[in-house]
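The numbers here are math on the coordinates, done by the rules we state, and not lab data. Quick caveat: nothing in here was measured; it's all calculated off a predicted structure. Please note: Cβ atoms are built from the backbone with ideal geometry, for glycine as well, and neighbour counts cover all protein chains shown.
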Amino acid sequence: MLQVSGLYGGYPGFSVLKDVSFSVETGELFGILGPNGSGKTTLLKMISGLLTPNQGEIFINGQDLRNYSTKELAKITAVLPQVASEVFAYTVRETVSLGRYAHQRGWLGRTDAHDEKIINEAMALTGVEIFQDKLLHELSGGERQRVFLAQALAQQPKILLLDEPTNHLDLSFQKDLLDLLKKWTREHDLTVVSIFHDLNLASLYCDRLLLLNEGQISAIGNTGDVLQRERIREVYETNIDIQPHPKVPKPQMILRPDEDKVKPLKINESIFKKTKDYAELTTPIPLKVMATSTVGARIGWCERFIMYFSDEPFGKDEAIVMPAKSSEMMRHGTYQDIFIIASTGRQDDGINLWFFVNGIISDEAFLQGIVAASEERALVAGRSSGGGIVIASVQKGESITGELLAEYIRKGFREIAGVLLNGQ
């Protein structure tokens with residue numbers, strides 16, 4: 001549907017794009033990413049015909065862009081720019097109706113029943129029919145953005161060009177807009193080329209991505225290939241982490257704020273206390289946690305960790321709570337960078353194991369640690385053992401690899417908790 005080959009150019013006295021080439025297939029939602037000044041809007045203006053490249057070619061639907069008349073181009077291409085601060089004194093319905101102009105005949109083309117049907121459908125799809133008689137300047141920025149989207153859809157284009165379409169939109173309308181565009185690419189073979197400021201939205205909705213940096217292509221491909229941590233850090237010059245979305249197989253960017261220069265926290269027995277009813281460890285900062293248990297399973301962050309010895313459930317909001325047999329059947333100590341707590345569970349075959357890591361570990365290391373603790377507990381006990389396993393990390397200080405964490409857990413377990421198991 002769209003082929004761009006060897007584009008160079010920009011504005012008088014200032015070249016922006018340098019040898020940009022790519023193609024977009026029919027029915028594809030194609031995202032353009034890049035920091036401010038990277039050439040995103042310049043590229044979109046060239047594709048829409050507003051800017052003429054100094055060098056290179058653009059083909060739309062198999063035809064050179066230069067061979068289209070303005071009206072012919074408007075029949076197959078619609079543009080949704082960023083919302084302008086100045087608007088004309090048109091009503092919402094009049095604005096949406098302008099989308100049918102390219103399909104009308106004569107100098108003073110009028111809408112017919114077919115046009116009116118399309119206009120009504122476009123307003124209904126974008127949720128603007130409720131204020132169709134209002135003037136544009138009476139609407140919020142987000143409402144105007146939806147009106148201009150309705151106008152673009154009323155054109156019934158083959159290609160829709162969008163410049164940061166979710167600007168000024170509330171969270172729910174961002175989702176509704178992109179859900180609608182994705183639906184139209186599937187059901188109507190609409191091709192969407194959109195600039196995105198939000199990398200996470202682009203990752204969730206785009207089929208492929210183009211990443212620009214200083215007017216050149218930094219990467220092009222599917223979302224996972226383009227949104228690589230080191231590449232994004234380099235192009236955007238900021239510190240980020242990447243994690244998979246919990247519901248769909250798409251990467252999500254997470255900003256990492258600069259850490260305060262504070263003395264690293266040490267988890268040890270100084271903040272661990274035991275009473276006849278419970279044992280508790282409370283930390284001054286939240287720890288990143290992975291916990292496996294029938295009653296206290298969790299992945300997230302936590303500051304309070306409790307084992308209770310009474311028969312009654314020991315409820316504490318936001319705490320990780322597990323039942324244990326008694327304070328006498330509990331051991332604790334430090335091995336390398338790990339503070340370890342072990343206790344016999346309420347059931348005779350249960351062992352609770354808690355490992356507090358004074359360092360930074362990855363998600364993969366958490367999993368390796370859980371596996372190592374489970375295997376070592378079964379090996380030392382000589383049987384499969386129940387109970388909960390908790391790994392909690394301060395996520396500050398030195399990084400600890402998954403292999404090293406597993407080694408510390410195995411050796412620390414034998415040294416500190418093995419006595420407890422052997423005594424059963």
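Packing, taken as the mean count of other beta carbons within 10 Å per residue, orders the peptides 115-127, 229-241 from highest to lowest as 115-127, 229-241.
Amide H contacts of residue 210 (H built 1.01 Å from N, in plane; Pro and chain starts excluded): 31, 32, 33 sit under 5 Å, all sequence-distant by 5 or more or on other chains.
Relative protection proxy for 34-42, 334-342, from highest mean packing down: 334-342, 34-42 (other beta-carbon atoms within 10 angstrom).
Taking other Cβ atoms within 10 Å as a rough exposure proxy, 302, 206 sort from fewest to most as 302, 206. Given 10 Å bins starting at zero, what is the percent of C-alpha pairs of the range 1-145 in each, up to the one with the largest pair distance? The percentages, shortest bin first, are 10, 31, 33, 23, 4.
I need to check one value: relative contact order of the range 2-255, counting alpha carbon pairs closer than 8 Å and at least 6 residues apart, in percent. Worked out over the range 2-255, it gives 26 percent. Remark: relative contact order (the range 184-262) = 21 percent; criterion is Cα-Cα distance under 8 angstrom and separation of 6 or more residues. Here the chain is treated as an ellipsoid with the same Cα gyration tensor; its semi-axes, largest first and in whole Å, are 60, 24, 18. Partners of residue 183 within straight-line reach, counting lysines whose Cα lies under 24 Å from its Cα and excluding those fewer than 8 residues away in the same chain: 75, 117, 158, 175, 247, 250. Working from Cα pairs under 8 Å separated by at least six residues, relative contact order for the chain is 13 percent.
Sorting the segments 242-255, 180-193, 274-287, 352-365 by their mean number of nearby beta carbons within 10 angstrom, highest to lowest, gives 352-365, 180-193, 274-287, 242-255. Over all distinct Cα-Cα pairs of the range 2-255, the Kirkwood formula returns a hydrodynamic radius of 19.0 Å.
Only one residue of 101, 283, 329 has its Cα farthest out toward the positive end of the dipole of the chain, where Lys and Arg carry +1 and Asp and Glu -1 on Cβ, and that residue is 329. Taking Cα centre as origin and charging only the Cβ of basic (Lys, Arg, +1) and acidic (Asp, Glu, -1) residues, the dipole magnitude of the chain rounds to 200 debye. Placing unit charges on the Cβ atoms of the charged side chains and taking the dipole of the chain about its Cα centre, the candidate lying farthest along the positive direction among 386, 244, 223 is 386. Put simply, the amide H of residue 2, placed in the peptide plane, has neighbours under 5 Å in 24, 61, leaving out anything fewer than 5 places away on its chain. When shorter helices are ignored and each DSSP H run of at least 4 residues is given -39500 (n - 2.57), the per-residue value for the chain at 222 nm works out to -8500 deg cm²/dmol.
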